[in-house]
Amino acid sequence: MNKKQSALHEKEGVIKPKTTNFSSAEKIKINRAKKNAVDEFVTQILKGNITFLSKAITLVESTNANHQKKANEILEKCLPFANNAVRIGITGVPGVGKSTFIEAFGKHLTNKGHKVAVLAVDPSSSINKGSILGDKTRMEQLVTDKNAFIRPSPSGTSLGGVAQKTRETIILCEAAGFDTIIIETVGVGQSETVVHSMVDFFLLLKLAGAGDELQGIKRGIIEMADAIVINKADGDNAKNAKIAKVEFNRALHLYPLKESKWQPKVITASALQNLNIDKVDEMIGEYLELTKKNNYFTEKRNEQNTYWLLSTINQQLKDNFYNNPSISKELTKEIVNLKNGKTTPFNAAKRLLNL
């Protein structure tokens, strides 16, 4: 005889069906992991974590599409915490002592409690595309300073030796809490124009007795400079440095007053003996006080943002053009036609652009 079933008995539950779309589930997991990775990068950068800052800059400099996407997400989230630093461009011909000067100037700033990031743009090897000068190894004291960060970057194919991603790197460094950004260029001519478009103060290093005094009567680089520092003004060269200072001062007064209403100054200095490095700091402070008061500082930053917007559009159009498979195929044909004398460079370019 069967026992009567109790009204309190437990019914069997519904069996949960197995997930049918495994790929969708995996995609969700991957997207979540990516989001967490980006958030972790931003959190650590805002804490001033140098390891994560370096990794983020590597992503920014990468040409990998996935890396670029991740870098852009990190930049977007770091942007609200940027734009609070003073950006200083330092240039000069090879041998003028840029690295020694930057180390002395950087140490002066960190001793005052500032956090300094040095973006040293090295020339690139045409063979392996790596840096040639190795600025980081030539700033032995600054590289061990806990309040300093040195990032050497190969210039690659960028015009004049300024890394294409230097602008984005500035944003990351500012978000990491660095209040002074120093950009050192290769000093090969064209780079100065690009650096001038991303800094607040443009400093030109010169050597006395090297024939550079004649450059003072020419327009161009001297016209862009907010100050000229005659470096290596020590020992037997001290007298020559004083003479050069007089010559450059005369030349600077030939130019009309800058939009900033700032009269560029000439200072002699010796990075090796730490001579007048403090005066360079005071001069930059005077410039910032003036330009912030007359609103030129903000206006210049806005103009720079517009410039980089247009530059980025131009670069993206160029990349899209050359990365197009159809264009690449037709480009090869047009080059062959050029070699065989069947077309001209202008007609070939017009056909390719029409595609």
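Laboratory data are not the source of any read-out in this text; all were calculated from the coordinates shown. It should be emphasised that the depicted structure is a prediction, and the values quoted were computed from it without experimental measurement. All Cβ positions, glycine included, derive from the backbone under ideal geometry; neighbour counts span all protein chains shown.
Label points 7 Å out from Cα along the Cβ direction at A65 and L79: separation in nm? According to this spin-label approximation, the distance is 2.3 nm. Taking label positions 7 Å along the Cα-Cβ direction at both Q315 and K339, the computed distance is 3.2 nm, reported to one decimal.
Loop-only trypsin sites (Lys or Arg not before Pro) in the stretch 250-355, please: DSSP not H, G, I, E or B, and at most 16 other Cβ atoms within 10 Å. Within the stretch 250-355, the qualifying trypsin sites (Lys or Arg not before Pro) (loop, at most 16 other Cβ atoms within 10 Å) are K258, K261, K342.
The calculated P(r) of the stretch 226-355, using every Cα pair and 5 Å bins from 0, goes 2, 8, 11, 11, 10, 8, 7, 6, 6, 9, 11, 8, 2 in percent.
Applying 1/(1 + (r/R0)^6) with r as the Cβ-Cβ distance of K293 and D236 and R0 = 35 angstrom yields a FRET efficiency of 0.25.
Given their separation in residues at 0.36 nm each and the Cα-Cα distance between them, T43 and L254 gain 70.9 nm when the chain is fully extended.
Measuring from a point 7 Å past the Cα of K261 along Cα-to-C-beta, which residues in the stretch 288-307 have an amide N at less than 14 Å? Counting backbone N atoms under 14 Å from the label point, the list is 288-299. Across the stretch 217-271, how large is the tail of the calculated P(r) beyond 15 Å, expressed as a percent of all Cα pairs? Of all Cα-Cα distances in the stretch 217-271, 47 percent exceed 15 Å. Which of K77/K292; K55/K107; K206/K292; K258/K300; K206/K245; K146/K279 have a Cα-Cα distance over 21 Å? The answer is K77/K292; K55/K107; K206/K292; K146/K279. Once a ≥ b ≥ c are taken as the square roots of the eigenvalues of the Cα gyration tensor of the stretch 263-316, is the result rounded (a/c under 1.5), prolate (a/b larger than b/c) or oblate (a/b not larger than b/c)? Verdict is oblate for the stretch 263-316.
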